[in-house]
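Colleague: The structure follows.
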Amino acid sequence: MSLERKCILVLLDGLADRAQPSLRGRTPLEAAETPNLDSLAAEGACGYFHALSPGQALSSEAAHFFMMGYSPEEFPGRGYLEALGEELEFGPEDILLLAHLARARREGDRLVLAEKKPRLPEEEAKEFFSLVRAYQGPRGAARLEHTKGSSGVLILSGGALAASITDSDPMYPGLPLMEPLPWEGAESDPAALNTCALLADYLAWAHRRLAVHPLNTEAARPVNAVITQRAGRAPRGLSTIAQRWGLRALSISSAPIYRGVFRALGASALVVPEGANPGRDLTAKLALAAERLDEFDLIHVHSKAPDEAGHAKDPQRKREAIAALDAGLGEGLQALKGREVLLVVTGDHSTACSGAMVHSGEPSPLLMHGPDVWRDQADAFHETACARGALGLLRGPELMYTILNGLDRGKLWGLRDNPRDLPYYPAARRALSLKD
């Protein structure tokens, strides 16, 4: 067995897309100039990856969590991962929610969403967050922490609380803000009911305070609401990537949410700033990965550029971002020459440049390149070319099993060298003691 072989997982966020009329029926990846990715595809094996099941639209943090071989039942919630990634202070029993400022209009006793996450001058955003930062009521306390722009994390504490509650964020303009409710099956849970009531109290209090602020009283489009989604809580007993897969893992990204995901899984994580050129950013991240290769077995290298272009609904911008990333990948791989590396390139989810969905459910193209990897009939790297690949469709934990196999560390099924039936070899074991 070779324990020197390492894996670089290049994750191009929101890579997959739909056929775009402005690109003559091609996807942005298919239309982009990608000589480096195409060469790697021709020399390796291709297929598709979906972190759960094709057709399901996944958020980035959930897709990464499932990609690392964890189940939906183990997922601790976006709010928790956001707070962890932003390095906020919170307690093990607190409930954490992703929160945004919003513009809303009053219709009777309802608030109807007009604009989510409005772009605000930094000082103005700070002023609004400061106004609704601290709430204390009969059911508990709420603390809103500002993270970036019009976004933050709402921390609920005090009394019996539960994360099994619905969102108040309706997602799309023209829809009313929603009442927090317990999940199905938790309708009689006192902790869930208390959490819903506490959150509703806070949201109403926040609206009242924002509505009378001088910046809003005369504004045609006031920032007068806080909306929340994806409640979470610190998990108990979640095994680390090292425990589950036998791999020392590092994430290199430019967004705190990925730091949160990997820290939740007991891995190391670096957040580095990004510039205007995604290709140069990727080159720098790969150079950093090469420097840390002796310390880690699996290094996740992330770029947000395709996802951002997809959210802007701009196929040409996404095409250009992908072309820049291809150039950056080609240059960045020079730092890995001479190393025994399994290179894996894929996306976490599809961010389509068309349609109304935030993310869509198409699987992402996948390529693997390195020692012993098959050379299949795929000769380019895009959504339709990968259909000729030998890897087929990998789902959820199948990617980690395939990486473990590519690293030559998979355990023969049925062997038990540890009380837990672990998928990797060698696992921690107890030596037989010969006693006289």
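Colleague: Looking at (1) in contact with a Lys or Arg (Cβ under 9 Å, 6 or more places away or on another chain); (2) buried (at least 24 other Cβ atoms within 10 Å of the Cβ); (3) polar (S, T, N, Q), can you tell me which one Thr346 breaks?
Modeller: If we test Thr346 against (1) in contact with a Lys or Arg (Cβ under 9 Å, 6 or more places away or on another chain); (2) buried (at least 24 other Cβ atoms within 10 Å of the Cβ); (3) polar (S, T, N, Q), just (1) comes out false.
Colleague: Being free of Cβ contacts under 8 Å to residues at least 24 places away in the same chain and either crowded, with 17+ Cβ neighbours inside 10 Å or over 15 Å from Arg106 (Cβ atoms) (or both) is the filter here; which residues of the stretch 217-226 pass it?
Modeller: If the condition is that a residue be free of Cβ contacts under 8 Å to residues at least 24 places away in the same chain and either crowded, with 17+ Cβ neighbours inside 10 Å or over 15 Å from Arg106 (Cβ atoms) (or both), then Glu218 is the only one that fits.
Colleague: Looking for something touching a Cys at 6+ places or on another chain (Cβ under 9 Å) and buried (at least 19 other Cβ atoms within 10 Å of the Cβ) - is there at least one such residue anywhere in the stretch 47-65?
Modeller: Yes: the stretch 47-65 contains one or more residues that are touching a Cys at 6+ places or on another chain (Cβ under 9 Å) and buried (at least 19 other Cβ atoms within 10 Å of the Cβ).
Colleague: Continuing with this model, one more query. Among the residues of the stretch 218-240, are any out of contact with any helix residue (DSSP H, G or I) (no Cβ under 7 Å at 6 or more places or on another chain), among the acidic types (Asp, Glu), at pLDDT below 95 and closer than 26 Å to Ala102 by Cβ?
Modeller: Yes, the stretch 218-240 has at least one match.
Colleague: With the requirement that a residue be open to solvent by less than 10 Å² (accessible area, probe 1.4 Å) and closer than 23 Å to Ser350 by Cα, what does the stretch 248-274 give you?
Modeller: Correct list: Ser251, Ile252, Ser253, Tyr258, Gly260, Val261, Phe262.
Colleague: Could you list, in sequence order, all residues of the stretch 275-310 that are within 15 Å of Ser251 (Cα to Cα), assigned to a helix (DSSP H, G or I) and open to solvent by 50 Å² or more (accessible area, probe 1.4 Å)?
Modeller: Correct list: Ala284, Glu291.
Colleague: For the stretch 130-146, how many residues meet the condition of being surrounded by fewer than 19 Cβ atoms within 10 Å (Cβ to Cβ), under 23 Å from Ala191 (Cβ atoms) and touching a helix residue (DSSP H, G or I) at 6+ places or on another chain (Cβ under 7 Å)?
Modeller: Within the stretch 130-146, residues that are surrounded by fewer than 19 Cβ atoms within 10 Å (Cβ to Cβ), under 23 Å from Ala191 (Cβ atoms) and touching a helix residue (DSSP H, G or I) at 6+ places or on another chain (Cβ under 7 Å) number 1.
Colleague: Okay, moving on. Report the residue count in the stretch 155-179 for those that are within 28 Å of Arg106 (Cβ to Cβ) and either of a type in the set (D, E, K, R) or touching a residue at least 40 places away in the same chain (Cβ under 8 Å) (or both).
Modeller: The number of residues fulfilling the criteria is 15.
Colleague: Further question on the same structure: Quickly run through the stretch 16-52 and pick out the residues that are assigned to a strand (DSSP E or B) and aliphatic (A, V, I, L, M).
Modeller: Listed by number, the residues that qualify are Ala16, Ala45.
Colleague: If Pro35 satisfies every condition in (1) open to solvent by less than 20 Å² (accessible area, probe 1.4 Å); (2) within 30 Å of Arg319 (Cα to Cα); (3) touching a helix residue (DSSP H, G or I) at 6+ places or on another chain (Cβ under 8 Å) but one, which is the exception?
Modeller: With (1) open to solvent by less than 20 Å² (accessible area, probe 1.4 Å); (2) within 30 Å of Arg319 (Cα to Cα); (3) touching a helix residue (DSSP H, G or I) at 6+ places or on another chain (Cβ under 8 Å) applied to Pro35, the lone miss is (1).
Colleague: Just need a number here: residues in the stretch 231-247 that are crowded, with 23+ Cβ neighbours inside 10 Å, small (Gly, Ala, Ser) and over 11 Å from Leu81 (Cβ atoms).
Modeller: Looking only at that region, the number is 1.
Colleague: Kindly check whether there is at least one residue in the stretch 116-129 that is in contact (Cβ under 8 Å) with a residue 24 or more places away in the chain, surrounded by 12 or more Cβ atoms within 10 Å (Cβ to Cβ) and assigned to a strand (DSSP E or B).
Modeller: Yes, that holds for at least one residue.
Colleague: Which of (1) buried (at least 18 other Cβ atoms within 10 Å of the Cβ); (2) touching a His at 6+ places or on another chain (Cβ under 8 Å); (3) farther than 16 Å from Leu199 by Cα is the odd one out, the single condition Gly152 does not satisfy?
Modeller: Just one mismatch for Gly152, condition (3).
Colleague: Can you work out which of the residues in the stretch 87-107 that are surrounded by fewer than 20 Cβ atoms within 10 Å (Cβ to Cβ) and assigned to a loop (DSSP other than H, G, I, E, B) is nearest to the chain's Cα centre (by Cα)?
Modeller: Checking each candidate, the answer is Glu87.
Colleague: Still on this structure, please answer the following. Of (1) open to solvent by 30 Å² or more (accessible area, probe 1.4 Å); (2) in contact with a Cys (Cβ under 6 Å, 6 or more places away or on another chain); (3) among the β-branched types (Val, Ile, Thr), Val373 satisfies all except one. Which?
Modeller: Going through the list (1) open to solvent by 30 Å² or more (accessible area, probe 1.4 Å); (2) in contact with a Cys (Cβ under 6 Å, 6 or more places away or on another chain); (3) among the β-branched types (Val, Ile, Thr), Val373 breaks only (2).
Colleague: Right, here's the next one. Within the stretch 311-331, track down each residue that is open to solvent by 20 Å² or more (accessible area, probe 1.4 Å), in a helix (DSSP H, G or I) and aliphatic (A, V, I, L, M).
Modeller: Within the stretch 311-331, Ala323, Ala324, Ala327 qualify.
The values are calculated or read from the model by the stated rules, or taken from the named source; none is laboratory data. Because the structure is a prediction, the values reported are computed rather than measured. For neighbour counting, all protein chains shown are included, and Cβ atoms are generated from backbone atoms with ideal geometry for every residue, glycine included. In case anyone asks, the SASA skips ligands and DNA or RNA and just uses the protein heavy atoms, side chains included. Shrake-Rupley method; radii C 1.70, N 1.55, O 1.52, S 1.80 Å.
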